[in-house]
Amino acid sequence: MAVLYKYRVWCVTENTHVPTASFQASPPTTCPNNVAHTITASKTAVIDSDLSLEGHSEDTSNPHEVTSTQSGSISYGGGGVTLKDDSSPFIKNNSSSYSVVSSFRFGGSTQDGTPSTVKIVVMTNDNSIVGAIRVYDVTNSLVIAEDTNVTFTSDDVSEIKSLSVTGGNVPANEAIFELQAKKVSGGGELRFQEYTLQF
């Protein structure tokens, strides 16, 4: 299992942020546009992540599973993150109170800009569920974006949910953000596949 990232670096030569074109394991040390350009390493930020789960369970009745811990890291065990058909990982949530799906460092609006929307790819195994999803700034105890009435049209079909960012709550400086979720009513569970901040 490996987590790969896309990064955005500050290129001094170009006087602008430059994103990496592909996912990689560690931050770049040179500008993605030109290795001869100078970058400011302290302004490098993660802008996307991709969880790559490797391995296969010999027990086909119980595919390889990993669990998401409360700190947002991934560890092996039963339950939390599951490989569906050995190719589509998701993070399960059926908690009745907000719990952490994932956490990440936000560089602050001064460095990274102010996001406008959070896009989340999520599905459920029971479309009677009503969920709540939010991005929470742990450092400053502020809700960045929230939808308290997330509904679904079908079972086991990925849907894209959009959360509008409350611009006044976005911190100017670095903070730890968490993607949090809870089940408000109904059956089943929320199954998170991917999320991105859009600027």
Distant-in-sequence amide H partners of residue 12 (H built 1.01 Å from N, under 5 Å)
38, 39, 40
Using a Cα-Cα cut-off of under 18 Å, which lysines could be cross-linked to residue 6, ignoring same-chain neighbours fewer than 8 residues away?
43, 119
For the range 2-48, what is Rg from Cα atoms divided by 2.2 N^0.38 Å, rounded to two decimals?
1.03
Given the Cα atoms of the range 85-198, and with Rh set as the inverse mean 1/r over their pairs in the Kirkwood sense, what is Rg to Rh to two decimals?
0.99
Given H placed on each backbone N at 1.01 Å, which residues far from residue 117 in sequence or on other chains put an amide H within less than 5 Å of it?
165, 198
Diffing the range 185-199: the Karplus 3J(HN,Hα) column from phi (6.51, -1.76, 1.60, θ = phi - 60°), in whole Hz with x for Gly and Pro, holds 7, x, x, x, 8, 7, 10, 8, 10, 6, 8, 9, 8, 10, 9
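Bear in mind that the values in this text are calculations on the coordinates, not laboratory data. What you are looking at is a predicted structure, and each value in this text was computed from that prediction instead of being measured.
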